[in-house]
Amino acid sequence: MKFGVVVFPGSNCEMDCYHVIDKVLREEVDYVWHQETDVSRYDCLVLPGGFSYGDYLRCGAIARFSPVMEAVADYARGGGLVIGICNGFQILLEAGLLPGAMLRNTCLHFICRFVDLRVENASTPWTNAAEAGQVLRIPIAHNEGNYTVDAGTLRELQEQGRIILRYCAPDGTVSEESNPNGAMDNIAGICNEGFNVFGLMPHPERASEAVLGSTDGMVIWESVMAHYRGRG
């Protein structure tokens, strides 16, 4: 399986993602510069976290116009696998590849800590290595992770099983107290209608080796590889 990690000016998590794919998963991986216009050679694209273009205007608003994003959009529309992590999720929202928008955290502070996440749908390309209801411990690091969407679209996400991860307590209870940023319906990650595009605020690449305090992020990587190999 060959991954492409898209790099925008201001990205700062691309090396973390590359390291996990290359050294932990032992899969092929390239960096994909934001000016690239052909991503057809990859089996999965990763939009990493960071502060693309300094997060001027709002998170992901400028990166959305990078030449590579037109190629990413075409790739996604063709069924290609795309994962956006943190700032990558924000870029997917700005590009219209996922619905909704991000607001500032309700505490109005940058949050960097481990959180607990409940897997809501374990039948996706991104979570098939998990069980529904399983709790994952993965870190977040963001200032704008307060996901919001209109009521009608929220119902669609709920009814179609497109809410993939929710912030929860260690025992899996979803509550206001377990919501670190005020995200609507405790949403931490969602998919598009085809489930081939996945956006999440937590950083699975920072929870893929025991030395980092958790290996729960491997669920995401192992799931997408299992899905890809199963398609063959």
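Just so it is clear, none of the values below were taken in a lab; they were calculated from the coordinates. Just so we're clear, the structure is a prediction, and the values are computed from it rather than from any experiment. Counting neighbours? That spans all protein chains shown, and the Cβs are built from the backbone with ideal geometry, glycine included.
Near LEU200, within a Cβ-to-Cβ distance under 15 Å, what is the net charge of the other residues, with Lys and Arg +1 and Asp and Glu -1?
-2
If amide hydrogens are placed 1.01 Å from N in the peptide plane, which non-local residues have theirs closer than 5 Å to the one on GLY145?
ASN105
Could you please report the charge total around PHE51, scoring K, R as +1 and D, E as -1 over all other residues with beta-carbon less than 15 angstrom from its beta-carbon?
Values: positive: ARG58, ARG64, ARG104; negative: GLU14, ASP16, ASP55, GLU94, GLU144.
Charge balance in the 15 Å sphere: -2.
Antiparallel versus total DSSP beta bridges in the chain: what percent is that, nearest 5?
Values: 23 of 40 bridges.
Antiparallel bridges: around 60 percent, rounded to the nearest 5.
So what is the relative contact order of region 1-92, in percent, for Cα pairs below 8 Å that sit 6 or more residues apart?
Working: 184 pairs, mean separation 30.0, N = 92.
This gives 33 percent for region 1-92.
Looking at the chain, which longest stretch skips every one of the GluC sites (Glu not before Pro) that is in a DSSP loop with at most 12 other Cβ atoms within 10 Å, leaving the sites themselves out? Please list the in-between numbers first.
Numbers: sites that count: GLU131, GLU193.
That gives 1-130 as the longest site-free run.
Testing the spin-label approximation: label points 7 Å from Cα along Cα→Cβ at ASP22 and ASP185. State their distance in nm.
3.9 nm
Find out how many positive minus negative residues lie around TRP221, taking Lys and Arg as positive, Asp and Glu as negative, among other residues whose Cβ is under 9 Å from that of TRP221.
Working: positive: none; negative: GLU27, GLU205, GLU222.
Every neighbour counted, the sum reads -3.
So for the chain, averaging the separation of alpha carbon pairs under 8 Å that are six or more residues apart and normalising by length, what relative contact order in percent results?
Working: 546 pairs, mean separation 45.2, N = 232.
The normalised contact order for the chain reaches 19 percent.
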